[in-house]
């Protein structure tokens, strides 16, 4: 089973949209291990609404937490603990797209275990989502350095939102990480738009 782990340089950079595009492009399954925030419209539900593929299966979250915060704190607020024993990869023969929470160093417990530990433990290929803002160069370079130093396979980088050629060029030249693609600043992401974008990512 091929496993792709989608992470970002921080929160609200477009991981869920990228996960939907990759799920559609690869006709893959999707799994969000830990949901923090709205349980009325979870990231799993959002991806499910955006993906056309009939081959895709949307696996239930291992943890569903209502508090919009880092998983370790959300779990504490809600009187639970996040354990490895419950964080088991879903059984599937299909490619699996896994969406992390926040950035790669976000902890899911007080032992200091993070999204990086998930990506390493499950032997995934990592896709990093970056969005241009003041400070994003630092956040992107730090994220990629941590991943590269950890020994996980970085499949590549996707830029989301308004383009900044100078920012993107220095990141790509410094890290030598493959550019998988760019996603424009869109008014609304629809199923048709996700399908259109997915055609650019079938090569992955």
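The values are calculated or read from the model by the stated rules, or taken from the named source; none is laboratory data. Fair warning: this is a prediction, and the values are worked out from it, not measured in the lab. All Cβ positions, glycine included, derive from the backbone under ideal geometry; neighbour counts span all protein chains shown.
Looking only at the range 84-115, how many residues end up being under 28 Å from residue 204 (Cα atoms) and free of Cβ contacts under 8 Å to residues at least 60 places away in the same chain?
Counting residues in the range 84-115 that are under 28 Å from residue 204 (Cα atoms) and free of Cβ contacts under 8 Å to residues at least 60 places away in the same chain gives 6.
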Could you please let me know if residue 90 is loosely packed, with under 14 Cβ neighbours inside 10 Å, in contact with a strand residue (DSSP E or B) (Cβ under 8 Å, 6 or more places away or on another chain) and outside any strand (DSSP E or B)?
no
Collect the residues in the range 171-185 that are surrounded by 14 or more Cβ atoms within 10 Å (Cβ to Cβ) and either in a helix (DSSP H, G or I) or more than 18 Å from the chain's Cα centre (by Cα) (or both), keeping them in residue-number order.
171, 172, 175
Just need a number here: residues in the range 143-156 that are touching a helix residue (DSSP H, G or I) at 6+ places or on another chain (Cβ under 7 Å) and surrounded by 15 or more Cβ atoms within 10 Å (Cβ to Cβ).
4
Which one of these is more than 22 Å from residue 16 (Cβ to Cβ), modelled with pLDDT of 95 or more and within 16 Å of the chain's Cα centre (by Cα): 149, 117, 123?
123
